[in-house]
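Down below is the structure, laid out as C-alpha coordinates.
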Amino acid sequence: MKIRFEERKQLKEKPKTNELGFGKYFTDYMFMCDWNEEEQWHDARIVPYGPIPLDPASMVLHYAQETFEGLKAYKTQDGRILLFRPDMNARRMMYSNKRLSMPVIPEEMFLEAVEALVRVEKDWIPDQERTSLYIRPFMFATEAGVGVHPAKSYVFMIVCSPVGSYYPEGVNPVKIYVEEEFVRAVRGGTGFAKCGGNYAGSVAAQAKAAKLGYTQVLWLDGVHRKYVEEVGTMNVFFKIKGEIYTAPIEGTVLAGVTRDSILTLLKDWGYTVHEEHLSIDDLMEAGRNGDLEESFGSGTAAVITPIGELNYRGEIVKIHQFTTGELTQKLYDTLTAIQWGEIKDTYLWTREIF
Ligand code: COI
(Lines give C-alpha, C1' and ligand atoms only; values in the text may rest on other atoms or scores of the structure.)
Protein backbone atom coordinates (compact mmCIF):
# COMPACT_ATOMS: atom_id res chain seq x y z
CA MET A 1 0.00 0.00 0.00
CA LYS A 2 1.31 3.43 -0.92
CA ILE A 3 0.91 5.84 2.02
CA ARG A 4 1.43 9.53 1.41
CA PHE A 5 2.71 11.67 4.24
CA GLU A 6 1.71 15.21 5.01
CA GLU A 7 4.07 16.81 7.49
CA ARG A 8 2.78 19.17 10.16
CA LYS A 9 4.48 22.48 10.72
CA GLN A 10 4.83 22.22 14.45
CA LEU A 11 4.83 19.16 16.69
CA LYS A 12 2.72 19.14 19.85
CA GLU A 13 4.16 19.32 23.34
CA LYS A 14 4.10 15.84 24.89
CA PRO A 15 2.27 15.34 28.20
CA LYS A 16 4.11 14.36 31.38
CA THR A 17 4.13 10.57 31.77
CA ASN A 18 2.67 10.69 35.26
CA GLU A 19 -0.32 12.69 34.00
CA LEU A 20 -1.28 10.41 31.11
CA GLY A 21 -4.44 8.75 32.44
CA PHE A 22 -6.24 7.02 29.59
CA GLY A 23 -7.14 8.43 26.19
CA LYS A 24 -6.77 12.11 27.07
CA TYR A 25 -3.93 13.05 24.72
CA PHE A 26 -3.53 12.34 21.04
CA THR A 27 -0.36 12.29 18.96
CA ASP A 28 0.74 14.50 16.06
CA TYR A 29 -0.55 12.41 13.19
CA MET A 30 -3.41 10.14 12.15
CA PHE A 31 -3.88 7.59 9.39
CA MET A 32 -6.75 7.82 6.89
CA CYS A 33 -7.83 5.75 3.91
CA ASP A 34 -11.04 6.09 1.90
CA TRP A 35 -13.29 3.45 0.38
CA ASN A 36 -15.98 3.74 -2.23
CA GLU A 37 -17.57 1.29 -4.64
CA GLU A 38 -15.70 2.54 -7.73
CA GLU A 39 -12.20 2.95 -6.31
CA GLN A 40 -12.35 0.50 -3.38
CA TRP A 41 -9.55 1.35 -0.87
CA HIS A 42 -7.64 4.42 -2.02
CA ASP A 43 -5.68 7.46 -0.87
CA ALA A 44 -3.94 6.01 2.20
CA ARG A 45 -2.35 8.89 4.04
CA ILE A 46 -0.74 9.95 7.30
CA VAL A 47 -1.76 13.52 7.98
CA PRO A 48 -1.60 15.96 10.93
CA TYR A 49 -4.03 14.95 13.70
CA GLY A 50 -7.05 17.23 13.65
CA PRO A 51 -10.76 17.67 12.92
CA ILE A 52 -12.15 16.02 9.80
CA PRO A 53 -14.81 17.46 7.50
CA LEU A 54 -18.01 15.42 7.65
CA ASP A 55 -21.28 15.93 5.81
CA PRO A 56 -24.07 16.39 8.41
CA ALA A 57 -25.96 13.61 6.60
CA SER A 58 -23.03 11.18 6.88
CA MET A 59 -24.75 7.90 7.60
CA VAL A 60 -22.58 7.08 10.61
CA LEU A 61 -24.11 10.04 12.44
CA HIS A 62 -27.61 8.64 11.97
CA TYR A 63 -27.38 4.86 11.86
CA ALA A 64 -24.03 4.20 13.57
CA GLN A 65 -22.35 2.11 10.89
CA GLU A 66 -19.05 2.18 12.75
CA THR A 67 -16.51 -0.37 13.99
CA PHE A 68 -13.29 0.02 15.94
CA GLU A 69 -10.36 -1.78 17.48
CA GLY A 70 -7.92 -1.22 20.33
CA LEU A 71 -4.31 -2.37 20.58
CA LYS A 72 -1.12 -1.04 22.10
CA ALA A 73 2.50 -0.37 21.15
CA TYR A 74 4.99 -1.08 23.96
CA LYS A 75 8.52 0.30 24.33
CA THR A 76 10.92 -2.25 25.79
CA GLN A 77 13.78 -1.33 28.10
CA ASP A 78 16.27 -1.80 25.28
CA GLY A 79 14.25 0.55 23.07
CA ARG A 80 12.44 -1.93 20.83
CA ILE A 81 8.82 -1.32 19.84
CA LEU A 82 6.39 -4.23 20.14
CA LEU A 83 2.77 -4.81 19.20
CA PHE A 84 0.77 -7.58 20.87
CA ARG A 85 -1.08 -9.98 18.55
CA PRO A 86 -2.17 -7.24 16.10
CA ASP A 87 -3.26 -9.93 13.62
CA MET A 88 -6.10 -10.78 16.02
CA ASN A 89 -7.32 -7.20 15.99
CA ALA A 90 -7.18 -7.19 12.19
CA ARG A 91 -9.26 -10.35 12.00
CA ARG A 92 -11.77 -9.21 14.60
CA MET A 93 -12.29 -5.98 12.68
CA MET A 94 -13.12 -8.09 9.62
CA TYR A 95 -15.82 -9.93 11.56
CA SER A 96 -17.15 -6.66 12.99
CA ASN A 97 -17.24 -5.06 9.54
CA LYS A 98 -19.04 -8.02 8.03
CA ARG A 99 -21.68 -7.87 10.77
CA LEU A 100 -22.20 -4.15 10.15
CA SER A 101 -22.31 -4.71 6.39
CA MET A 102 -19.17 -2.69 5.86
CA PRO A 103 -16.31 -3.51 3.46
CA VAL A 104 -13.51 -5.45 5.15
CA ILE A 105 -10.01 -4.14 5.63
CA PRO A 106 -7.53 -6.79 4.42
CA GLU A 107 -5.32 -8.02 7.28
CA GLU A 108 -2.11 -6.91 5.56
CA MET A 109 -3.51 -3.42 4.98
CA PHE A 110 -4.58 -3.13 8.62
CA LEU A 111 -1.15 -4.19 9.88
CA GLU A 112 0.74 -2.00 7.43
CA ALA A 113 -1.32 1.04 8.41
CA VAL A 114 -0.84 0.44 12.16
CA GLU A 115 2.88 -0.08 11.77
CA ALA A 116 3.37 2.94 9.51
CA LEU A 117 1.63 5.25 11.97
CA VAL A 118 3.45 3.85 15.02
CA ARG A 119 6.78 4.29 13.19
CA VAL A 120 5.98 7.96 12.62
CA GLU A 121 4.82 8.38 16.24
CA LYS A 122 7.50 6.29 17.95
CA ASP A 123 8.64 9.22 20.12
CA TRP A 124 5.13 9.30 21.59
CA ILE A 125 5.40 5.80 23.08
CA PRO A 126 5.91 6.46 26.78
CA ASP A 127 8.62 4.40 28.48
CA GLN A 128 7.72 4.68 32.14
CA GLU A 129 6.68 1.39 33.74
CA ARG A 130 3.45 -0.06 32.32
CA THR A 131 2.67 2.87 30.05
CA SER A 132 2.07 2.37 26.34
CA LEU A 133 0.73 3.91 23.17
CA TYR A 134 -2.93 2.98 22.71
CA ILE A 135 -3.79 2.56 19.04
CA ARG A 136 -7.37 3.10 17.96
CA PRO A 137 -8.25 1.95 14.42
CA PHE A 138 -11.84 2.76 13.44
CA MET A 139 -13.99 2.91 10.35
CA PHE A 140 -17.31 4.56 9.60
CA ALA A 141 -19.86 5.37 6.91
CA THR A 142 -19.34 8.73 5.24
CA GLU A 143 -22.01 8.59 2.54
CA ALA A 144 -24.53 11.42 2.89
CA GLY A 145 -28.10 10.15 3.02
CA VAL A 146 -31.01 9.54 5.34
CA GLY A 147 -32.24 6.19 4.00
CA VAL A 148 -31.20 3.07 5.89
CA HIS A 149 -28.95 0.81 3.78
CA PRO A 150 -25.28 -0.14 3.73
CA ALA A 151 -23.39 3.05 2.91
CA LYS A 152 -21.47 3.35 -0.34
CA SER A 153 -18.48 5.21 1.11
CA TYR A 154 -16.35 4.86 4.25
CA VAL A 155 -13.17 6.06 5.83
CA PHE A 156 -10.73 3.92 7.84
CA MET A 157 -8.72 5.90 10.37
CA ILE A 158 -6.19 5.30 13.12
CA VAL A 159 -5.37 7.62 16.00
CA CYS A 160 -2.93 7.05 18.85
CA SER A 161 -2.93 8.07 22.50
CA PRO A 162 -0.13 7.66 25.07
CA VAL A 163 -1.73 5.97 28.09
CA GLY A 164 -1.29 4.80 31.65
CA SER A 165 -3.97 2.79 33.50
CA TYR A 166 -7.52 2.60 32.15
CA TYR A 167 -9.06 2.79 35.62
CA PRO A 168 -8.10 5.42 38.17
CA GLU A 169 -7.71 2.48 40.59
CA GLY A 170 -4.66 1.34 38.53
CA VAL A 171 -4.21 -2.41 39.04
CA ASN A 172 -6.06 -2.34 42.35
CA PRO A 173 -9.41 -4.10 42.72
CA VAL A 174 -12.54 -2.51 41.29
CA LYS A 175 -16.15 -2.72 42.48
CA ILE A 176 -18.66 -4.18 40.05
CA TYR A 177 -22.44 -3.70 39.99
CA VAL A 178 -24.47 -6.59 38.53
CA GLU A 179 -26.85 -5.03 36.01
CA GLU A 180 -30.37 -6.47 35.72
CA GLU A 181 -32.41 -3.73 34.12
CA PHE A 182 -30.40 -3.16 30.93
CA VAL A 183 -28.81 -5.82 28.71
CA ARG A 184 -25.85 -5.53 26.39
CA ALA A 185 -26.38 -8.19 23.76
CA VAL A 186 -28.50 -11.05 22.51
CA ARG A 187 -27.59 -13.82 20.09
CA GLY A 188 -28.01 -12.66 16.53
CA GLY A 189 -27.30 -9.07 17.57
CA THR A 190 -23.97 -7.25 17.47
CA GLY A 191 -22.52 -8.29 20.85
CA PHE A 192 -19.51 -10.04 19.32
CA ALA A 193 -18.69 -7.08 17.08
CA LYS A 194 -16.62 -4.16 18.24
CA CYS A 195 -18.94 -1.38 17.16
CA GLY A 196 -19.67 1.95 18.75
CA GLY A 197 -23.37 1.16 19.06
CA ASN A 198 -22.71 -1.56 21.63
CA TYR A 199 -20.99 0.97 23.85
CA ALA A 200 -23.63 3.67 23.30
CA GLY A 201 -26.21 1.25 24.66
CA SER A 202 -24.04 0.49 27.68
CA VAL A 203 -23.34 3.92 29.09
CA ALA A 204 -26.70 4.33 30.86
CA ALA A 205 -25.95 1.24 32.95
CA GLN A 206 -22.40 2.41 33.57
CA ALA A 207 -23.61 5.84 34.68
CA LYS A 208 -26.11 4.21 37.05
CA ALA A 209 -23.38 2.01 38.53
CA ALA A 210 -21.02 4.98 38.87
CA LYS A 211 -23.68 6.90 40.85
CA LEU A 212 -23.78 4.00 43.28
CA GLY A 213 -19.98 4.05 43.62
CA TYR A 214 -19.21 1.16 41.23
CA THR A 215 -16.54 1.22 38.52
CA GLN A 216 -18.30 -0.99 35.98
CA VAL A 217 -21.29 -3.25 35.47
CA LEU A 218 -21.39 -7.03 35.11
CA TRP A 219 -23.72 -7.85 32.22
CA LEU A 220 -26.10 -10.78 32.43
CA ASP A 221 -27.31 -12.59 29.30
CA GLY A 222 -30.05 -10.76 27.42
CA VAL A 223 -32.59 -13.60 27.38
CA HIS A 224 -32.72 -15.04 30.90
CA ARG A 225 -30.84 -12.24 32.70
CA LYS A 226 -29.20 -15.03 34.57
CA TYR A 227 -25.81 -15.99 33.10
CA VAL A 228 -22.76 -13.78 33.52
CA GLU A 229 -21.34 -12.47 30.25
CA GLU A 230 -18.86 -9.62 30.48
CA VAL A 231 -17.96 -6.54 32.43
CA GLY A 232 -18.29 -3.06 30.87
CA THR A 233 -15.19 -2.89 28.72
CA MET A 234 -13.69 -6.25 29.70
CA ASN A 235 -14.15 -10.01 29.50
CA VAL A 236 -14.54 -11.50 32.96
CA PHE A 237 -13.05 -14.53 34.74
CA PHE A 238 -13.87 -16.24 38.03
CA LYS A 239 -11.77 -18.71 40.00
CA ILE A 240 -14.09 -21.03 41.92
CA LYS A 241 -12.67 -23.92 43.93
CA GLY A 242 -9.43 -23.78 41.94
CA GLU A 243 -11.11 -23.88 38.52
CA ILE A 244 -11.60 -21.03 36.09
CA TYR A 245 -14.87 -19.88 34.54
CA THR A 246 -15.49 -17.42 31.71
CA ALA A 247 -18.42 -16.93 29.35
CA PRO A 248 -18.28 -18.80 26.02
CA ILE A 249 -17.95 -16.97 22.71
CA GLU A 250 -21.39 -17.58 21.25
CA GLY A 251 -22.23 -14.27 19.62
CA THR A 252 -22.93 -12.08 22.64
CA VAL A 253 -19.47 -11.68 24.16
CA LEU A 254 -16.49 -9.92 22.62
CA ALA A 255 -13.69 -12.32 21.61
CA GLY A 256 -10.98 -10.51 23.56
CA VAL A 257 -7.33 -10.76 22.56
CA THR A 258 -6.35 -10.62 26.23
CA ARG A 259 -9.06 -13.21 27.01
CA ASP A 260 -7.61 -15.61 24.46
CA SER A 261 -4.06 -15.07 25.76
CA ILE A 262 -5.18 -15.70 29.35
CA LEU A 263 -6.93 -18.93 28.35
CA THR A 264 -3.72 -20.13 26.68
CA LEU A 265 -1.62 -19.30 29.75
CA LEU A 266 -4.09 -20.91 32.16
CA LYS A 267 -4.31 -24.13 30.15
CA ASP A 268 -0.49 -24.28 29.92
CA TRP A 269 -0.29 -23.81 33.68
CA GLY A 270 -2.55 -26.82 34.15
CA TYR A 271 -5.77 -25.10 35.19
CA THR A 272 -9.16 -26.53 34.35
CA VAL A 273 -10.91 -23.82 32.38
CA HIS A 274 -14.66 -23.76 31.78
CA GLU A 275 -15.81 -21.59 28.88
CA GLU A 276 -19.43 -22.06 29.84
CA HIS A 277 -22.53 -20.41 31.25
CA LEU A 278 -22.26 -19.54 34.92
CA SER A 279 -25.40 -18.28 36.60
CA ILE A 280 -25.37 -15.22 38.81
CA ASP A 281 -27.06 -17.30 41.54
CA ASP A 282 -24.24 -19.87 41.52
CA LEU A 283 -21.67 -17.09 41.43
CA MET A 284 -23.20 -15.27 44.41
CA GLU A 285 -23.52 -18.55 46.31
CA ALA A 286 -19.82 -19.24 45.65
CA GLY A 287 -19.11 -15.73 46.92
CA ARG A 288 -21.16 -16.29 50.08
CA ASN A 289 -19.64 -19.63 51.00
CA GLY A 290 -16.03 -18.68 50.20
CA ASP A 291 -15.64 -20.81 47.05
CA LEU A 292 -15.20 -17.73 44.85
CA GLU A 293 -11.46 -17.27 45.29
CA GLU A 294 -10.61 -14.64 42.68
CA SER A 295 -12.12 -12.63 39.87
CA PHE A 296 -10.70 -10.30 37.27
CA GLY A 297 -11.58 -8.53 34.07
CA SER A 298 -9.41 -8.56 30.95
CA GLY A 299 -9.04 -6.25 27.99
CA THR A 300 -6.45 -4.39 25.97
CA ALA A 301 -7.22 -1.12 27.69
CA ALA A 302 -7.71 -2.57 31.18
CA VAL A 303 -5.07 -5.37 30.83
CA ILE A 304 -6.03 -7.49 33.85
CA THR A 305 -8.08 -5.77 36.51
CA PRO A 306 -8.88 -7.53 39.78
CA ILE A 307 -12.51 -7.47 40.87
CA GLY A 308 -12.87 -7.03 44.62
CA GLU A 309 -16.61 -6.63 45.08
CA LEU A 310 -19.86 -7.65 43.42
CA ASN A 311 -23.22 -6.05 44.18
CA TYR A 312 -26.27 -8.04 43.06
CA ARG A 313 -29.70 -6.79 44.13
CA GLY A 314 -28.07 -4.97 47.02
CA GLU A 315 -26.24 -8.01 48.34
CA ILE A 316 -22.51 -7.46 48.48
CA VAL A 317 -19.90 -10.15 48.08
CA LYS A 318 -16.24 -9.32 48.67
CA ILE A 319 -13.66 -11.27 46.69
CA HIS A 320 -10.20 -12.09 48.05
CA GLN A 321 -10.76 -9.56 50.88
CA PHE A 322 -10.78 -6.82 48.23
CA THR A 323 -7.12 -7.47 47.39
CA THR A 324 -5.50 -8.80 44.22
CA GLY A 325 -5.50 -12.60 44.11
CA GLU A 326 -2.33 -14.61 43.52
CA LEU A 327 -3.43 -16.02 40.16
CA THR A 328 -4.67 -12.61 39.00
CA GLN A 329 -1.28 -11.13 39.89
CA LYS A 330 0.62 -13.95 38.18
CA LEU A 331 -1.41 -13.52 34.99
CA TYR A 332 -0.88 -9.77 35.06
CA ASP A 333 2.85 -10.14 35.66
CA THR A 334 3.30 -12.76 32.94
CA LEU A 335 1.21 -11.04 30.31
CA THR A 336 2.72 -7.61 30.86
CA ALA A 337 6.26 -9.07 30.93
CA ILE A 338 5.61 -10.59 27.49
CA GLN A 339 4.08 -7.36 26.20
CA TRP A 340 7.00 -5.24 27.39
CA GLY A 341 9.55 -7.78 26.14
CA GLU A 342 10.87 -8.66 29.60
CA ILE A 343 10.55 -12.43 29.26
CA LYS A 344 10.88 -14.77 26.32
CA ASP A 345 7.78 -14.72 24.15
CA THR A 346 7.48 -18.44 23.58
CA TYR A 347 4.00 -17.97 22.08
CA LEU A 348 5.27 -15.59 19.37
CA TRP A 349 2.59 -13.09 20.34
CA THR A 350 4.63 -9.93 19.98
CA ARG A 351 5.49 -8.31 16.67
CA GLU A 352 8.43 -5.93 16.53
CA ILE A 353 8.17 -2.74 14.52
CA PHE A 354 11.46 -1.82 12.83
C1 COI B 1 -10.01 -2.05 24.75
O2 COI B 1 -9.86 -2.77 25.71
O3 COI B 1 -9.06 -1.78 23.99
C4 COI B 1 -11.29 -1.43 24.43
O5 COI B 1 -11.53 -1.15 23.29
C6 COI B 1 -12.22 -1.16 25.53
C7 COI B 1 -12.67 0.24 25.64
C8 COI B 1 -11.70 1.27 25.94
C9 COI B 1 -13.82 0.59 24.81
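The values are calculated or read from the model by the stated rules, or taken from the named source; none is laboratory data. Computed from a predicted model, the values in this text were never measured in an experiment. Glycine also receives a Cβ, built like all others from the backbone with ideal geometry; neighbour counts cover every protein chain displayed. With ligands, DNA and RNA removed, areas are computed over all heavy atoms of the protein, side chains included. Shrake-Rupley method; radii C 1.70, N 1.55, O 1.52, S 1.80 Å.
Structure data summary
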quantity	calculated
Filter result (over 23 Å from residue 297 (Cα atoms), buried (at least 22 other Cβ atoms within 10 Å of the Cβ) and hydroxyl-bearing (Ser, Thr, Tyr)) within segment 117-169	142, 154
Odd one out for residue 101, checked against (1) within 20 Å of the chain's Cα centre (by Cα); (2) closer than 25 Å to residue 250 by Cβ	(1)
Filter pass, residue 263 being at pLDDT 95 or above and closer than 26 Å to residue 166 by Cα	yes
Filter result for residue 80 (within 16 Å of the ligand (Cβ to nearest atom), of a type in the set (D, E, K, R) and open to solvent by 20 Å² or more (accessible area, probe 1.4 Å))	no
Pair list, Cβ < 6 Å and 6+ apart or interchain, from segment 42-66 residues that are at pLDDT 95 or above to residues that are among the basic types (Lys, Arg)	45/4; 48/8
Any hit, segment 289-301, residues being free of Cβ contacts under 8 Å to residues at least 40 places away in the same chain and out of contact with any His (no Cβ under 6 Å at 6 or more places or on another chain)	yes
Criterion: modelled with pLDDT of 95 or more, small (Gly, Ala, Ser) and open to solvent by 30 Å² or more (accessible area, probe 1.4 Å) - qualifying residue of 247, 193, 255, 205	255
Test: residue in segment 20-36 that is in contact with a Pro (Cβ under 7 Å, 6 or more places away or on another chain), more than 16 Å from the ligand (Cβ to nearest atom) and within 21 Å of residue 351 (Cβ to Cβ)	yes
Segment 154-185, subset in contact with a Gly (Cβ under 7 Å, 6 or more places away or on another chain) and aliphatic (A, V, I, L, M), residue nearest to residue 124 (Cα to Cα)	163
Subset tally (residues that are small (Gly, Ala, Ser) and without any contact (Cβ under 8 Å) to a residue 12 or more places away in the chain) for segment 167-217	3
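Yes/no per residue for (1) within 16 Å of the ligand (Cβ to nearest atom); (2) part of a helix (DSSP H, G or I); (3) surrounded by fewer than 23 Cβ atoms within 10 Å (Cβ to Cβ):
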position: 270; (1), (2), (3): no, no, yes
position: 287; (1), (2), (3): no, yes, yes
position: 298; (1), (2), (3): yes, no, no
position: 304; (1), (2), (3): yes, no, no
